[in-house]
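Before any comments, here is the structure.
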Amino acid sequence: MDIQSLLQKYFSTIKQFLPSEQKTSAVGLDIGTGECKLVELAKADNQFELVSWAIEPINNGDVNTAIQKILGELTTPCSSLYTSVFGKGTLIRYIDMPKMSLDDLKSSFEIEADKYFPFAQDQIYTDCYILHIREKEKMMSVMAAAAKKEIVDRRVKLFDETGVPAEFVSLNPIALANVLNVMGPSEEEGGKGKEDFTIALLDMGESVSSLTILVNKLPRFTRDIFIGGSDFTKGIANGLGVNFQEAEKLKRDPGKRLEEVIHACDTAIMNMTQELRLSMDYFATEKNHEINLLLLTGGASMLKGIAEGFEKNLEVKVKQWDPVASLKMAPEISTEEIEKKSLKLGVALGLALYQYDSY
């Protein structure tokens, strides 16, 4: 037996007596308009594993109770978690600035944030990230985010009351883009072999849909569109003459009434299509990047036929995007169950990923 074989045998033997590395998990909690979504994630051998997930409805506006229930789904007690805010009072800007260090950039924003955001300086929290440095031009592309203090402080207080502090507060669109940045899209979604491949990612929520455009996995444009699943539900209720609860059921499972349901949602879908076209045309003109693919995620994107409708009206390839598809699943997770609701978990997954790698 040669020396290498002896060493391998030696190390394999003593490894049995060494304590194994403790497996820790990261928790992301997305609080939406009508539901809380949780993802518990672990990383081992450079692979992410979905340890647990949960979706809990918010009944009668009682967010605290929903949080308590959903935290009870965790495999181990949670000492801290990452969360996010969204909608009015939040804003993301993409700015070209002279090259400088990240510390200098953050100091600059602390003083001059009102140049970039329509909020009073003392009313907002800000943060920024260097996306790309153009050495020849001595310039850099910067993503800057702002949120009103009252929104963030309210969220932090909410978690303090549950006994599980929020260690970090992000914005929904950034958390969602983080999934594509850290884990990468599939070869088909990522345009393998293509330079400057441009993806538009639409997170369709209950009251707000967020559009983020990414070039080579880095976000370059973000805006909120205040149209979402509740607009589809109202359209179904009015168009088919049913109550709100029945309209919700039909939206989730139209069965033989699919054509009627889609027709009832026509106004909301066309309004969203118009907003998407305006944003995509603007980006193509200002940034000289045509959109190669539109990915749909979020609860409202589960409406059957909506991808086909967008594709026809926008004349761009459209796909539903399952953010957890590339994760390894813990043995106790039911593949059948998560496939029914995985489109809702993108923001929570992006928040959990912050604890490993992120913007």
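The values are calculated or read from the model by the stated rules, or taken from the named source; none is laboratory data. Every value quoted in this text rests on a predicted model; they were computed, and no experiment measured them. All Cβ positions, glycine included, derive from the backbone under ideal geometry; neighbour counts span all protein chains shown. For accessibility, only protein heavy atoms count, side chains too; no ligands or nucleic acids. Shrake-Rupley method; radii C 1.70, N 1.55, O 1.52, S 1.80 Å.
The residues packed around residue 243, meaning those with a beta-carbon under 12 Å from its beta-carbon, carry a net charge of 0 if Lys and Arg are +1 and Asp and Glu are -1. When all protein chains stay in place and ligands, DNA and RNA are ignored, the 1.4 Å accessible-area order of 222, 75, 233, 285, largest first, is 285, 75, 222, 233.
Our estimate of slack between residue 137 and residue 62, defined as 0.36 nm per intervening residue step minus the Cα-Cα distance, is 21.8 nm. Spin-label model, residue 244 to residue 304: label points 7 Å out along the Cα-to-beta-carbon direction sit 2.5 nm apart.
The stretch between residue 334 and residue 158, if pulled fully straight at 0.36 nm per residue, gains 60.3 nm over its current Cα-Cα span.
What is the local net charge at residue 205, summed over the other residues whose Cβ is closer than 12 Å to its Cβ (Lys, Arg +1; Asp, Glu -1)? Present the calculation step by step, with values, prior to reporting the outcome.
On the way: positive: 37, 344; negative: 30, 35, 203, 206, 224, 231.
Neighbour charge sum, excluding residue 205 itself: -4.
The gain in end-to-end length when the residue 101 to residue 234 segment is fully stretched comes to 43.0 nm, 0.36 nm per residue minus the alpha carbon separation. Helices in the chain, meaning DSSP H runs of at least 4 residues, each add -39500 (n - 2.57). Divided by all residues, the mean residue ellipticity at 222 nm is -11500 deg cm²/dmol. Scale the Cα Rg of the range 234-322 by the rule-of-thumb value 2.2 N^0.38 Å and send over the ratio, two decimals. That works out to 1.21 for the range 234-322. Eigenvalues of the alpha-carbon gyration tensor of the range 117-273, scaled by 5 and square-rooted, set the equivalent ellipsoid semi-axes at 34, 25, 15 angstrom, largest first. The count of lysine pairs in the range 24-153 whose Cα atoms are under 16 Å apart, excluding pairs fewer than 8 places apart on the same chain, comes to 7.
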